[in-house]
Amino acid sequence: MRRQQMKNPHVEADQFQRRAAIGFIGIAIAMIGLCFGYFRLQVLQHEEYKTRSEANRIKPRPVVPARGLIFDRNGKLLADNVPAYRLEIVPENTVDLKETLAQLRQLVAISDDEMEAFDSTRRATRGFRPVALKLRLSEEERARLAVNRHRFPGVDVVPYLTRRYPYGNLFAHVIGYVGRLDARDLEALGDSKYSALTHVGKSGLEKKYEERLRGEIGYENVEQNVEGRVLRMVDRVPAKPGVDLQLSIDADLQRVAVEAFGELDGAAIAVDPRTGEVLAMVSLPMFDPNLFVNGISHADYRVLTEDLSVPLFDRNLHGGTLPGSTIKPFVGLAGLESGLRTPEDKILSTGEWHLPGVARGFRDAHAGGHGWVDLRESIAQSVNTYYYKLAVDMGIRRFDEYMDRYGFGRPTGIDLVGESSGVLPSPEWKRRRFKQEWFLGETVNAGIGQGYWVTTPLQLAQGTATLADGGLRRQLHLARATRQGFQGAWEMLPQPPGVRISNNAGNLQAVKEGMIGAVNGPHGTARVISNAPYLIAGKTGTAQRVSRKGNISLNPHSLPLNQRHQALFIAYAPAENPTIAVAVVVEHGGFGASTAAPIARKIMDAWLIRTPSSAALPERTP
């Protein structure tokens, strides 16, 4: 039989008291800890948590400045800003970014290109910074987003100003365009504050003057609720707008230059020789820069890149061609400056000139030759023999020395990014390029602008302006003045002093007279434009794509288009007091006289046969 255990009330009472005491002590310790925690939060760390709380309620928001405007010399607006709305996402504030994007695409038309740009920028940006998803929202899309705003934390519709180019493709290669900020841009800018930007200059003047045009970023502190909706603005440090830019370009002259080419491709530059200001600068074909502002589609970009005429290629800045006979005034001047020739020295042109001991001759433009000619007639009639012999007498090293002084083989310094330096033929260049020695026959070809020469239209325009301005080589420039705000006064941009290429006025005058004879003389190669109501000094040129076969000369107009010669023409006017210098290069144009010279004539007519409107601007001292 099991023995029944008797209860001991005293023992149970003692046990209960011990457990109660332990429980009480535990509760007391917990209360002390809780009180200390409250004390720590409310007293010791009050400022820290107050700051955190305030940060949750008050959010800083960058204020992007209005981009500076761009005007032509007469005040015509070439690049402006128009109001628009963009869709932004702060990745850190979204619950599920992938799902958010999927739902947004059901409300708003978001292309694959826009998604790709968003992902690229997001990866290069910190998660708490807003990233633009779509840069142009329609009224209907904004309304749909407003109704569904509560569904998308971290998503916002932001008003801003976007770039617009009212003249479309007319200034595409000069002004360039802005484009969406990408990872490479952020890396180049360096400062993280620039991640607030949506656009930066990608090419042309927009890129060259990016720092001035974009202004300085400001910020504002805004109060928002738990859903992230802005309730009010607490304080603000305003952004500083970018400066406005006034160009030396004349929009009307630019349009005339484009129209003068018709269906032809090529490049043309008009310069004020007294200042180095570029009056017109066209590269054909062109493209619409507005396509790039908010991200060009793959389809549009493919059309541009697959075009065999390469409209994205700036022929003035990056292109190059043989100068052909347009180099002869400069070679002639070098002959005078070096003392090897006087203006009156004559040579006999028989139609073909030979190096000693060489059977194959170097031909003149006329099969029967030009007879006895001096410097002036050698320029006017474009007599090759004169320059064959002169180049050999000078030698390639002295030849290069003078051509370098005249600005060939080096950038002109125009205020654009990436200007080509061309090629000034020399033994050193050939050795580097082909690992071959220089031959005397190559010096002969260099004397008439053939062979290894590569000159840019910019160099030809600068050289022509230098002759027109009495031998002072000025740096070409497009930006004329800047101002801060609409009410500000235009401030002229300083320009470096010119470099004198010759101190002998007689030598320069002899070359000028030869160029006047090329247009107005009885045997001038550019007589086709001699009926102008003002006096033109000019020089034709033809850059050969193919040479003769054996003793048979080829008619360039009978060749396939891609084998036809480049047509060139340089000129300035009025010859007695020049106010415009022009260089024209026509691709596959054949002869300079028949193709390029009429284009230059139209440009000069548009500038000279009208009431000058540029007087509205402050004149720069020449």
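Every read-out reported here was derived from the displayed coordinates using simple, explicitly stated rules and does not represent laboratory data. Quick caveat, the model's predicted, so the values are computed rather than measured. Neighbour counts are summed over all protein chains in view; Cβ atoms, including those assigned to glycine, are modelled from backbone coordinates with ideal geometry.
The table for this structure:
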{"quantity": "Nearest 10 degrees, 0 to 90: helix 328-337 Cα axis against the chain principal axis", "calculated": "70 degrees"}
{"quantity": "Least to most buried among V11, V155, V303, V278 (fewest other Cβ within 10 Å first)", "calculated": "V11, V303, V155, V278"}
{"quantity": "Given the chain, longest segment not containing exposed loop GluC sites (Glu not before Pro) (DSSP; at most 11 other Cβ within 10 Å)", "calculated": "1-226"}
{"quantity": "Cα gyration tensor shape for region 122-217, rounded if a/c is under 1.5, else prolate or oblate", "calculated": "oblate"}
{"quantity": "Fewest-first ranking of S382, S283, S138, S420, using other Cβ atoms within 10 Å as the exposure measure", "calculated": "S138, S420, S283, S382"}
{"quantity": "Label selected from (i) 16, 39, 27, 12, 5, 1; (ii) 17, 45, 31, 7, 0; (iii) 17, 38, 23, 12, 5, 3, 2, 0, the criterion being P(r) over Cα pairs in 20 Å bins from 0, in percent as computed here", "calculated": "(iii)"}
{"quantity": "Helix-only mean residue ellipticity at 222 nm for the chain, each DSSP H run of n ≥ 4 adding -39500 (n - 2.57), per residue, nearest 500", "calculated": "-10000 deg cm²/dmol"}
{"quantity": "Length-normalised contact order for the chain - Cα pairs under 8 Å, 6+ apart - percent", "calculated": "14 percent"}
{"quantity": "Prolate/oblate/rounded call for region 235-329, Cα gyration tensor, a/c under 1.5 rounded", "calculated": "oblate"}
{"quantity": "Whole-angstrom gap from region 435-462 to region 197-211, using each part's C-alpha centre", "calculated": "35 Å"}
{"quantity": "Loop-located trypsin sites (Lys or Arg not before Pro) in region 399-450 whose Cβ has at most 14 other Cβ within 10 Å (DSSP)", "calculated": "K435"}
{"quantity": "Sequence-distant residues sharing a close amide H with R363 (under 5 Å, placed H)", "calculated": "W353"}
